[in-house]
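Working notes, structure below.
The values are calculated or read from the model by the stated rules, or taken from the named source; none is laboratory data. Everything numeric in this text was worked out from a predicted model, so none of it was measured. Counting neighbours? That spans all protein chains shown, and the Cβs are built from the backbone with ideal geometry, glycine included.
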Amino acid sequence: MRERTDFRGDIQGIRAVAVLLVIVAHAGFGRFAGGFVGVDVFFVVSGFLIIGLLVREAEGTGRISVLGFYARRARRILPAATVVLVATTALAVYVLPLVRAQEVVKDAVWAGFFASNVRFAAVETDYFAADDPPSPFQHFWSLSVEEQFYVVIPLLLAGAALLARRRRSGGVRTRDLAVPVLVLTVASLVWSVLHTADNPTAAYFSTPARAWELGVGGLVAILVRGWGGASSPLRPWLAATLGWVGLAMVGFATLTFDAGTPFPGTAAAVPVLGTALVLAAGSTAAGQGSLLSRVLSWRPMLLVGAWSYSLYLWHWPVIQLAHEHWGRRLSLSQVLVALVVTFVLSAATFYLVEEPFRRGVRWRPPRRAVLLYPLSLVLVGGTAWGGQTYVDDRFDDLADNPGVEVSDFSRAELSDDPAVAIVEASVLAAEDGRPVPGSLAPALGAARTSIAPLGDCDYRGGMRRLCPTGTPDSDRSIVVVGDSHARAWGPTFTRIGETAGYAVYHLVYAGCPANRDSRPEPGTGAQWTACEDFQEWTREQVAALDPELVVVANSAYSARALPDELDGLAWEIEQLRESAGRVVLLGDLPTLPRVPGVCLSERDADLGSCLFTPSPGTHRDQLEFGRVATEAGAEFLNARRWFCADGKCPAVIGHYVPMRDKDHITVEYAEALAEPVGRALRLLGDAGS
């Protein structure tokens with residue numbers, strides 16, 4: 001992934017170590033779960049080589065050619081990246097379910113602009129995208145971090161060189177450039193530590209939280225240049241010790257870190273400083289003659305190091321497509337097949353794409369080389385447009401397929417309750433293998449984003465105010481409390497409030513159930529004070545509102561695995577009952593084995609292939625919570641009747657897609673259930689059956 005200066009075999013070997021660590025971690029070898037630190041090794045090596053190159057240019061010529069720098073980056077980075085983006089997008093659109101294919105198209109465009117880290121920071125911190133499989137372009141986040149860094153660093157150093165020339169006539173010295181690199185590195189490190197403690201998922205993809213890793217590499221290059229480089233009098237034993245200690249630090253991180261390690265922050269210092277030691281030791285004559293240098297310069301290591309950029313680009317989409325073909329758990333033989341494919345594609349890309357563009361004369365002139373940027377965007381954008389067009393055409397093929405109607409079946413087979421009868425009819429239609437309907441609500445392509453709106457009252461950001469819906473100026477009120485499942489039911493109660501004349505307040509917070517025994521904070525595992533504060537504020541608001549009804553809706557966490565939550569729920573309901581006329585626990589939705597929209601958009605899918613058997617544990621747990629709620633004086637409304645019949649849950653009910661993912665209701669179906677839920681709660685006419 002890096003610029004090349006005077007060839008050093010040990011650096012090529014470090015690249016090989018880095019990419020192999022990343023590959024074995026992503027291939028599922030759990031013992032090497034911390035292999036993601038290979039990316040950090042790459043960052044340090046990149047900063048060492050590229051900032052070192054810029055410093056030498058400034059010292060030698062008194063200035064830095066920003067155009068020349070961008071031209072070299074374009075030749076080095078863009079051709080191979082473009083090939084992988086175009087090929088993977090085309091294949092993914094053809095083989096993936098349509099709703100996933102359209103997300104891959106978006107990911108490709110973000111990757112083409114080297115902004116993947118922004119895209120994936122948003123996706124990974126999106127509570128409602130937690131169950132989505134990884135994108136085949138997720139690994140492009142690290143390239144985005146590098147390229148964003150390299151937009152800034154040549155301008156920063158060019159400016160420092162210009163100031164140095166104006167201050168003195170003796171040219172540019174190393175220390176003139178060391179100061180801005182040091183300031184940038186320290187500022188980024190401080191930000192990384194603070195941001196990782198606050199939001200480790202977002203920090204992981206953040207350029208400001210990662211820039212210090214490239215800066216450390218640059219500082220090592222500057223330090224080495226200051227002490228004389230290869231002519232340094234460093235003792236052989238000391239050089240060898242520094243190198244082996246540095247490599248051991250990288251190994252320690254690989255073997256002890258995992259997905260639960262808050263990263264980058266202070267944890268990243270282990271592989272970063274370890275790599276810095278290896279680079280510093282290898283920069284001396286003593287280090288270049290050491291055993292470690294000879295091991296890293298071993299011919300196979302040199303070859304893997306040379307291919308490292310292409311290996312990094314190809315390994316992740318190959319592994320993800322292997323999962324798509326064989327399932328989420330790959331056997332050893334399947335992993336080996338994926339790795340062989342990765343190495344074959346990488347070798348071809350290196351020799352047929354990387355080398356011709358990097359060393360050929362056609363793209364050598366800087367003004368021509370920078371044209372690779374718009375050319376890459378045209379190719380990636382054109383492929384994405386073609387992919388989206390293909391997806392839209394496939395969706396259009398379903399347009400004439402009808403939805404399910406109660407009248408399609410004998411009334412003797414169905415319930416007298418219309419809302420239950422349509423569920424039963426949908427199960428029968430699925431068992432008949434009917435085609436996927438065309439006019440669905442929401443449309444298949446929009447099901448994933450059918451998330452209940454919160455308006456100005458998204459309490460996750462710390463704001464505290466009330467945003468009534470329904471009939472806002474009514475003297476009668478309903479309060480909906482709970483986590484993301486309470487949010488998903490929000491449109492149901494908003495519609496009830498509009499019809500029956502209630503002001504409806506949605507005091508909901510994703511991941512934070514209405515239960516005194518709250519969960520640990522996602523990402524950090526620490527005590528979730530923000531959730532606890534919100535729960536307390538919610539109880540205060542319910543007391544002040546004195547509502548006719550409080551509806552509690554929580555996700556289906558396990559009552560058996562977390563028995564303290566039974567007591568926590570009972571306590572919560574008792575507190576709410578002191579302030580409300582009625583408290584109802586709304587039994588949670590079924591937990592499905594697959595996302596309905598994904599299943600329905602697979603090639604050759606029909607309603608029968610997407611007829612699900614829900615998790616029995618979820619239903620048992622909800623019945624247990626229902627028992628606790630009724631003993632605490634609340635009512636329990638089991639919602640299962642509106643989603644499943646005879647133990648089977650259809651992916652389409654009538655012409656609705658009822659679930660946006662495995663356990664959240666879509667906005668459209670939530671609104672459609674307003675009448676049956678309202679009747680069942682005696683808010684709209686007589687109670688339903």
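Things to note:
- Checking each residue in the range 93-125 for being over 26 Å from residue 202 (Cα atoms) and either in a helix (DSSP H, G or I) or outside the structural domain of residue 323 (by TED's automatic domain parsing) (or both) picks out 93, 94, 95, 98.
- Condition met for residue 275 (surrounded by 21 or more Cβ atoms within 10 Å (Cβ to Cβ), among the polar types (S, T, N, Q), touching a Gly at 6+ places or on another chain (Cβ under 6 Å) and within 17 Å of residue 35 (Cα to Cα)): no
Yes/no per residue for (1) surrounded by 17 or more Cβ atoms within 10 Å (Cβ to Cβ); (2) at pLDDT below 95:
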residue: 121; (1), (2): yes, yes
residue: 126; (1), (2): no, yes
residue: 135; (1), (2): yes, yes
residue: 142; (1), (2): yes, no
residue: 145; (1), (2): yes, no
residue: 149; (1), (2): yes, no
residue: 157; (1), (2): yes, yes
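- Answer from 504, 550 - the residue that is touching a residue at least 60 places away in the same chain (Cβ under 8 Å), assigned to a strand (DSSP E or B) and within 26 Å of residue 659 (Cα to Cα): 550
- Single condition residue 427 does not satisfy, out of (1) in contact with a Pro (Cβ under 7 Å, 6 or more places away or on another chain); (2) β-branched (Val, Ile, Thr); (3) surrounded by fewer than 17 Cβ atoms within 10 Å (Cβ to Cβ): (3)
- First in the range 84-102 and at negative phi, second anywhere and among the aromatic types (Phe, Trp, Tyr), Cβ under 6 Å, 6 or more apart: 93/390
- Members of the range 382-405 found to be surrounded by fewer than 17 Cβ atoms within 10 Å (Cβ to Cβ) and among the hydrophobic types (A, V, I, L, M, F, W, C), listed by number: 385, 399
- Residues of the range 242-266 that turn out to be in a helix (DSSP H, G or I), under 18 Å from residue 32 (Cβ atoms) and either in contact (Cβ under 8 Å) with a residue 60 or more places away in the chain or more than 29 Å from the chain's Cα centre (by Cα) (or both), as a count: 7
- In the condition set (1) closer than 13 Å to residue 144 by Cβ; (2) buried (at least 24 other Cβ atoms within 10 Å of the Cβ), residue 34 is compliant with all but (1).
- Restricting the range 281-291 to residues that are crowded, with 24+ Cβ neighbours inside 10 Å and either outside any loop (DSSP other than H, G, I, E, B) or not β-branched (Val, Ile, Thr) (or both) leaves a set whose member that is modelled with the highest pLDDT is 281.
- Elements of type helices (runs of 4 or more DSSP H) in the range 361-445, at least 1 residues being among the aliphatic types (A, V, I, L, M) and at pLDDT 95 or above: 372-396, 418-431
- The helices (runs of 4 or more DSSP H) found wholly in the range 577-689 and carrying at least 3 residues that are within 29 Å of residue 103 (Cβ to Cβ) occupy 596-600, 667-672.
- Residue 351 vs. criteria of a type in the set (Ser, Thr, Tyr) and in the same structural domain as residue 596 (by TED's automatic domain parsing): no
- Flag for residue 438 being assigned by TED's automatic domain parsing to the domain that holds residue 122 and over 25 Å from residue 495 (Cα atoms): no
- Per this entry, residue 512 is counted among residues that are free of Cβ contacts under 8 Å to residues at least 60 places away in the same chain, under 29 Å from residue 643 (Cα atoms), in contact with a Cys (Cβ under 8 Å, 6 or more places away or on another chain) and not in a strand (DSSP E or B).
- Among residues that are acidic (Asp, Glu) and either within 23 Å of the chain's Cα centre (by Cα) or surrounded by fewer than 18 Cβ atoms within 10 Å (Cβ to Cβ) (or both), residue 324 is included.
- Filter result (part of a helix (DSSP H, G or I) and out of contact with any helix residue (DSSP H, G or I) (no Cβ under 7 Å at 6 or more places or on another chain)) within the range 344-360: 344, 347, 348, 351, 352, 355, 356, 359
- Count of the range 407-464 residues, restricted to those that are within 24 Å of the chain's Cα centre (by Cα) and either aromatic (Phe, Trp, Tyr) or more than 28 Å from residue 123 (Cβ to Cβ) (or both), is 1.
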